[in-house]
Amino acid sequence: MSYKGGLFEAIKSLQPYAEFGLSNNDITTLEWYDDESVVPIPSIADIEAEHERLKAEYENNTYQRKRAAEYPPLTDYLDGIVKGDNAQIQSYIDACLAVKEKYPKGNV
């Protein structure tokens with residue numbers, strides 16, 4: 001799975017309240033609607049650098065997305081707590097640890 005975010009996300013990351021227009025993820029179409037004295041406008045270089053940072057962050061956290069898709073439902077754990085079923089609780093913990101082992105932190 002590759003990073004789907006674009007320049008829009010990078011601009012919003014740098015300046016969450018900025019108002020702007022951008023067509024087809026093309027930096028040459030960027031149009032600011034804010035007054036620069038009120039909302040500082042990031043440079044194109046800053047926007048592109050933020051885009052690369054977000055992309056790298058996304059790619060470095062692939063393991064988190066894979067883990068999230070395979071973790072057992074939290075309700076299994078809560079049900080074990082409510083019932084006082086230590087075997088069910090341990091089963092949930094074991095399943096989570098197996099997913100963590102399958103997708104180690106930092107691995108793609």
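The values are calculated or read from the model by the stated rules, or taken from the named source; none is laboratory data. These figures come from a predicted structure and were not determined experimentally. Reconstructed Cβ throughout: ideal geometry from the backbone, glycine too, with neighbour counts over all protein chains shown.
I'd like to know if the range 41-48 contains one or more residues that are assigned to a loop (DSSP other than H, G, I, E, B), modelled with pLDDT of 90 or more, out of contact with any Leu (no Cβ under 6 Å at 6 or more places or on another chain) and surrounded by fewer than 16 Cβ atoms within 10 Å (Cβ to Cβ). Working first, answer last.
Let us first name the residues in the range 41-48 that are assigned to a loop (DSSP other than H, G, I, E, B), namely 41-43.
Subset that is modelled with pLDDT of 90 or more: 42-43.
Then keep just the ones that are out of contact with any Leu (no Cβ under 6 Å at 6 or more places or on another chain); that gives 43.
Those left that are additionally surrounded by fewer than 16 Cβ atoms within 10 Å (Cβ to Cβ): 43.
Yes, the conditions are met somewhere in the range 41-48.
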Residue count, the range 22-40, condition polar (S, T, N, Q), in contact with a Ser or Thr (Cβ under 7 Å, 6 or more places away or on another chain) and assigned to a loop (DSSP other than H, G, I, E, B), comes to 1
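With the structure loaded, tell me whether LEU54 is among the hydrophobic types (A, V, I, L, M, F, W, C) and surrounded by 14 or more Cβ atoms within 10 Å (Cβ to Cβ) or whether it fails that test. Step through it out loud before you land on a result.
On the way: among the hydrophobic types (A, V, I, L, M, F, W, C): yes; surrounded by 14 or more Cβ atoms within 10 Å (Cβ to Cβ): yes.
Criteria met by LEU54.
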Of TYR92, TYR77, TYR71, the only residue that is in contact with a Cys (Cβ under 8 Å, 6 or more places away or on another chain) and more than 30 Å from LYS12 (Cα to Cα) is TYR71
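Looking for whichever is free of Cβ contacts under 8 Å to residues at least 40 places away in the same chain, touching a strand residue (DSSP E or B) at 6+ places or on another chain (Cβ under 7 Å) and not hydrophobic (A, V, I, L, M, F, W, C) here; the options are GLU52, GLU36, GLU31, GLU57. Which one fits? Show your work before the answer.
Details: GLU52 fails: touching a strand residue (DSSP E or B) at 6+ places or on another chain (Cβ under 7 Å); GLU36 fails: touching a strand residue (DSSP E or B) at 6+ places or on another chain (Cβ under 7 Å); GLU57 fails: touching a strand residue (DSSP E or B) at 6+ places or on another chain (Cβ under 7 Å).
Just a single option satisfies the conditions, and that option is GLU31.
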ASP26 passes all but one of the listed conditions (1) surrounded by 11 or more Cβ atoms within 10 Å (Cβ to Cβ); (2) out of contact with any strand residue (DSSP E or B) (no Cβ under 8 Å at 6 or more places or on another chain); the exception is number (1)
- Query: TYR63: hydroxyl-bearing (Ser, Thr, Tyr), assigned to a helix (DSSP H, G or I) and within 29 Å of TYR3 (Cβ to Cβ), yes or no?
  - Reply: yes
Scanning the range 1-21 for residues that are closer than 27 Å to TYR63 by Cα, outside any helix (DSSP H, G or I) and among the hydroxyl-bearing types (Ser, Thr, Tyr) gives SER2, TYR3
Restricted to the range 58-108 and to residues being touching a Gly at 6+ places or on another chain (Cβ under 7 Å) and at pLDDT 95 or above, the residue surrounded by the most Cβ atoms within 10 Å (Cβ to Cβ) is TYR92
